[in-house]
Structures are given as C-alpha cells and as structure tokens.
Amino acid sequence: MTETAVLRQRAGGERPAPPRKGSLLAGLLRTARPRQWIKNILVAAAPAAAGELFSRHALAQLALVFVLFTACAAAVYLVNDARDAGADRAHPTKRHRPVAAGQVPVPVAYAVGGVLAVLAPAAAARLCSPAVAALLAAYLGMQLAYCISLKHVLVVDLAVVTTGFLMRAMIGGLALGIPLSRWFLITTGFGALFMVSAKRYSEAVQMAGNAGATRALLTEYTTDYLRFVWQLAAGVAVLGYCLWAMEEGGVPHTSVLPWRQLSMVAFILAVLRYAVFADRGTAGEPEDVVLRDRALALIGLVWMAMYGLAVANW
C-alpha cells in the first residue's frame, strides 16, 4: 500500500481493503496459537513414563493424538477470540489478535472453531478409541465453559487450566492402553498447578494496579495468595516425584546406577530454577521460560536422560 493510500485511509477518504484469502488463512493460523502447541507434547508423557514411547505403533498413535488435541485447542482459541473480540479491541496488546483486528471475521472464527470441535472427537472415536474421544470431548466442554463463565470464578479458573494440562498428559496413556500410576497423576497435576499459578502470580505482579492491562479476575486475587498456591503446588509435585523415585516397587536391581533416585536431584533443581522466575514475577509465559533459559534447559535434559535410564532400567 502506498503512503498516499495510507493517508487517505487515516483521513477516512476510503475504507481499508478487505483481507485477502492468504491473510485470512494466516490470521486463522495465528489465532490457533502455534507457539502454544509445544504444550501438546505432554501427550507423550505417560508412554515415556512407562517406557513404551519408541515403537512404531506408539509413535503413530501419539502423532495422531497430538494433531487431534492441537485441533481441539485451536477450536477453543478461535471461539474464545471470537467471543472476546470486542473487549480485546480495547486491550493494548490483545487488539492485535487477528479476530480483534478484523483480519479474521467473527463468524468465520466461530465457524472454523465449531468445525474443529466436532471433527476432532469424531476422528478420535474412529481412529483411536472411545476413551480418547471422550477425553477430547470433555476437554472441549470444560474449556468452552471456561471461555464463557468459569474464567471469572476464583480458584475454579486455576483448576480448569490445570486440568487441561493433566488431560494432555493422560491422553497418550489412554490412546495406548497404558495404566496411569498415582505418582504420575499427582506429580503431573501439581506440576501443572505450579506453572499455572506461577503464571497468574507473574501477571498479577506485572499488572501493577492497571486493571485494564490483563484479565479482570486477577484483581480479586492477592499476590500473597497466588504465591501460596504456587509454593504449595511445587512442594506437592516434588514430594510426589520423590515418593515415586524412592519406592522400590519390585524393580529389579540391575541398573548401573540408581537413576530413579538420582533423577530427584535434577527434578528438584528444575523446580527451584523455575521458581526463580516465578518469584521475580517473570513466569507469565511458561514456554518462554522453558525455552529461553539455558540453565533450565540443561537441567531438563539431564533429568530426561536420568529418567529415561531409570525407565529403561539401564
């Protein structure tokens, strides 16, 4: 667009040109939040914990489950942005979202979100199992309820977001028929609550009294309360992991080193390192913390190596 055309638009002399097809598709993709797809890697958590990750059947099923869960999450984002388009236009950063900016029309966002919400569980019922389809349907119902009303309910909003992470971690086990241990569920659930409450705490700290800069519900939480929640969740997650690591559970003593017990060190260090960012109020984007902090990434790699050796009983 030429400078003259821009000036005419600003002066009201002509209307902006309607979005092209390519820009609409790009807007739909942006609304689906590709940066958030990294969360869906959690679908491999249960098979990895059980040591059943690298068979051809397992990889094919997990790839399919990853795609289906991503489609469900995209459906929720599309519906959420369509519903909040008016409020987002008054927000300093959310106004740049494709739906709020007019790149994706609200009816189109609703339509695409609705299609994905129907197709993903239907495909899961046909290609995976009824249990996977039921879990995806439950995830969609819970997240859509969150978009409509639950995100305005104290504590319940934390529980819903945490449960979404836990469902991601459970679905891989359901797809492959792997029993989910109590330690896996406890550690994963409270680990997710730790990250979710740390994110809320960081948002509350950064809000600095400006209620219009973030979600309204944060004004009803105190930073002391949110700090209590993430500290409690971190403690329970560490306790659950340590109980798993110290439990013999009939595992034969053929490993070169006690990898289960040694992995506690890396796990605790990872939690403590992440807590540094939570304490500073800079854990508002968990994926950025995990991917950008080299020390945390290194600790995570060491933990995964030790955990893998423990599962493989090497």
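Every Cα-Cα pair of the chain was included, and the share exceeding 32 Å stands at 36 percent. Think of it as helices only: each DSSP H run of n ≥ 4 in the chain is worth -39500 (n - 2.57), and spread over all residues that comes to -23500 deg cm²/dmol at 222 nm.
A simple charge model with +1 on the Cβ of Lys and Arg, -1 on the Cβ of Asp and Glu and nothing else charged puts the dipole of region 21-179 at about 420 debye relative to its Cα centre. About the centre of its Cα atoms, region 181-314 shows a dipole size close to 80 debye [charges on the beta carbon of Lys, Arg (+1) and Asp, Glu (-1) only; nearest 20 debye]. For HIS152 and VAL118, what is the calculated FRET efficiency with R₀ set at 22 Å and r taken between the beta-carbons, to the nearest 0.05? Efficiency for this residue pair is about 0.25. Largest GNM mean-square fluctuation among ALA233, ALA71, ALA58, using the chain with Cα springs under 10 Å: ALA58. Potential lengthening of the chain between LEU232 and THR219 amounts to 2.6 nm, from the contour at 0.36 nm per residue minus the alpha-carbon distance. Would you mind getting me the FRET efficiency between LEU185 and ALA87? Use the beta-carbon distance for r and R0 = 30 Å, nearest 0.05. So, using R0 = 30 Å, E works out to roughly 0.25. The translational diffusion coefficient of region 181-314, from Stokes-Einstein at 25 °C and 0.890 mPa s with a Kirkwood hydrodynamic radius over alpha carbon pairs, comes to 154 µm²/s.
Taking Cα atoms only, the orientation of helix 130-148 departs from the longest principal axis of the chain by about 50 degrees. Listed values for region 178-183 are Karplus-derived 3J(HN,Hα) couplings in whole Hz (6.51 cos²θ - 1.76 cosθ + 1.60, θ = phi - 60°), namely 9, x, 9, 6, 5, 5, and x replaces Gly and Pro.
Against the chain, whose longest principal axis comes from its Cα atoms, helix 294-312 is set at around 50 degrees. Note on ARG294 and LEU257: with the Förster distance fixed at 25 Å, the Cβ-Cβ geometry gives a FRET efficiency of about 0.45. Considering all C-alpha pairs of region 21-179, those separated by over 24 Å amount to 37%.
Every number here is computed from the coordinates shown, using simple stated rules; none is lab data. Since we're looking at a predicted model, the values are computed, not measured. Ideal geometry is used to build each Cβ from the backbone, glycine not excepted, and the neighbour counts take in all protein chains shown.
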